[in-house]
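Okay, structure first, notes after.
The values are calculated or read from the model by the stated rules, or taken from the named source; none is laboratory data. As the structure is a prediction and not an experimental result, all values here were calculated from the model. Counting neighbours? That spans all protein chains shown, and the Cβs are built from the backbone with ideal geometry, glycine included. With ligands, DNA and RNA removed, areas are computed over all heavy atoms of the protein, side chains included. Shrake-Rupley method; radii C 1.70, N 1.55, O 1.52, S 1.80 Å.
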Amino acid sequence: MENNAILKGVLGLAALTGVRKIVVGGGKKLEGELEVQGAKNSILPLLSGTVLCQGESVLHNCPNLSDADAACRILNCLGCKCGREGNRVTVNSEQILNTDVPAELMREMRSSIVFLGAILGRTRQCRLSFPGGCELGPRPIDLHILALKKMGVDIKEEHGYLNCSAPKGIYGARISLSLPSVGATENIILAAATAKGMTEINNAAREPEIVDLAAFLNKCGAKVSGAGTGTIVIEGVPKLGGAEHRVIPDRIVAATYLCCAAITRGELILKNADYSHVGAMIPVLEQIGCNIYTYGSYAHSGEGKIYINAAKSLRAPHKIRTSAHPGFPTDAQPMFMALASTLKGTTVFVETIFDNRFRHAQELTRLGAKISVDNRVAVVEGVEKLSGAELEATDLRGGAALVTAALYAEGTSKITGISHIDRGYDNLVGNLRKIGAEIMNN
Ligand code: EPZ
């Protein structure tokens, strides 16, 4: 029976159960070209940054994601007018009418803590519920709180809420982070942009999304320098106006598609991709045996392209250790683990950022992968064959890893928990179909 007919049959059954599934018929080589979506981890702090702007901002290349929708709901709750037309999001934040973010909106998206710095920077007060932990383990915000207190913010934690106020205003401060937290760096920049005086962040996060936030704020009239390095200096200005900005490409989505091409031994051109953002992952793919070429530069001409050819016998990279940018990103670890499961040899993964970021390993073993996990170390012994199974996504990148592995596995795989995947991937199924995958949403 032809594979698509089997897929349709499985879908019919799935539709009866009412559970949304991604159904994959594995074993197809992926070939073609794809455009990389705008970055989820950039659009969220950028949307928060619009709260600081007393005017209208337009953000282009905004991906269609449930997390971005949640951020727009928070903006509307604050009194901003946030509207979307395709990939263009317009935010009019002339007026901020409310400084409380309700718990249900905070719970929708853990990273909504990044609104704290912007709301304080604009209104000098804010009340929001403690963001919960998530599937990756506890997600503390002690570094955010410590820094904001140093900037003159009074923060009371009571009944699961943070009650913040800065009646005398927010003051610049010299802040050293005990670890280069992305969210804490973003919150400090957002609070410091309109603070009185100079703020210096030492041991700041260096991710490209931090550079993108600084670029947008500077277009709005802020004075942020050093973004992308470990020391960022922000000279507070009285007010910011709106600006137009294009969101950078999503480096983790780019890595996902590269892994999908590699695991199916295929060939892919990624357009609208910034080679410099995926730097640490390229040598790993080359070590595995993939040919990688890059064309142009997104940063300068917006024309960046990455070409991968994996039609070779590939071998395990032996060790992948995650670390803060510019190191190997923790967010790409799950998809590379799926890929490593199919490579000749053994790969040791060391996860240095999160406590509990190997949950996808258990699901991968259902496909026949050989993975043993001990705390923050996972040992993957590559196998020739994976076979389709029923899988459940438990977090965003873990879900992407399951799709990646299912593309290789013989037979049909059905993946539930796809609301996790919707948080960070704009049309993952449609894009994979475009390059030859036998995959359906239902
Ligand atoms: C951002 O999360 C990203 N999310 C994450 O991507 C990414 O995995 C992470 O950075 C690391 O690169 C967004 O940008 C929306 P951190 P964030 O603060 O800011 C500890 C994805 O898949 N920490 O850099 O929350 C923390 O527990 C998501 O797209 C403290 O101890 O990450 C973690 O172990 C998942 N105290 C480490 O630092 C704090 O106050 C890194 O966290 C803050 C963080």
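What the table shows:
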| quantity | calculated |
| --- | --- |
| Volume in Å³ per residue [convex hull over Cα atoms, computed for segment 110-179] | 84 |
| All Cα pairs of the chain, percent lying beyond 36 Å | 27 |
| Nearest-ten-degree value, helix 208-219 long axis tilted from longest Cα axis of the chain | 40 |
| Spin-label model distance (nm) - SER297 vs LYS81, 7 Å beyond Cα toward Cβ | 4.0 |
| Principal axis dimensions, segment 97-231 - Cα atoms, whole angstrom, descending | 37, 36, 26 |
| Rounded to 10°, Cα long-axis angle of helix 251-263 versus longest principal axis of the chain | 10 |
| Average accessible area per residue (Å²) across the chain - probe 1.4 Å, nucleic acids and ligands excluded | 38 |
| Computed magnitude of the charge dipole of the chain (debye, nearest 20; Cβ of K, R +1, Cβ of D, E -1) | 280 |
| Filtered GluC sites (Glu not before Pro), segment 298-369: DSSP coil and at most 13 other beta carbons within 10 Å | GLU303 |
| Cut-off 14 Å between beta-carbons: net charge of the residues surrounding GLY304, Lys and Arg +1, Asp and Glu -1 | -1 |
| For the chain: relative contact order, % (alpha-carbon pairs under 8 angstrom, 6 or more apart) | 20 |
| GNM top mover of ARG127, ARG376, ARG265 - the chain, alpha-carbon springs below 10 Å | ARG376 |
| Euclidean distance between Cα centres, segment 251-294 to segment 40-76, Å | 28 |
| Highest-first arrangement of 324-336, 88-100, where packing means the average Cβ count within 10 Å | 324-336, 88-100 |
| Residues CYS134 and ASN218, FRET efficiency given R0 of 35 Å [Cβ-Cβ distance, rounded to 0.05] | 0.65 |
| Positive-end residue of THR416, GLY382, PRO317, charge dipole of the chain with Cβ unit charges | PRO317 |
| Of all accessible heavy-atom area on the chain, the percent that carbon and sulfur account for (1.4 Å) | 50 |
| Charge sum, other residues only, whose C-beta stays under 15 Å from GLU363's C-beta, Lys/Arg counted +1 and Asp/Glu -1 | +3 |
| Förster radius 35 Å - calculated FRET efficiency between LYS370 and SER276 (Cβ-Cβ, nearest 0.05) | 0.50 |
| Packing-based ranking, highest mean first, of 189-201, 215-227 given that Cβ atoms within 10 Å are counted | 189-201, 215-227 |
| Relative contact order (percent, whole number), segment 102-178, Cα cutoff 8 Å, 6+ residue spacing | 31 |
| Alpha carbon convex hull of segment 280-343, projected area averaged over orientations, nm² | 4.8 |
| Degrees, to the nearest 10: 3-17 long Cα axis against longest axis of the chain | 50 |
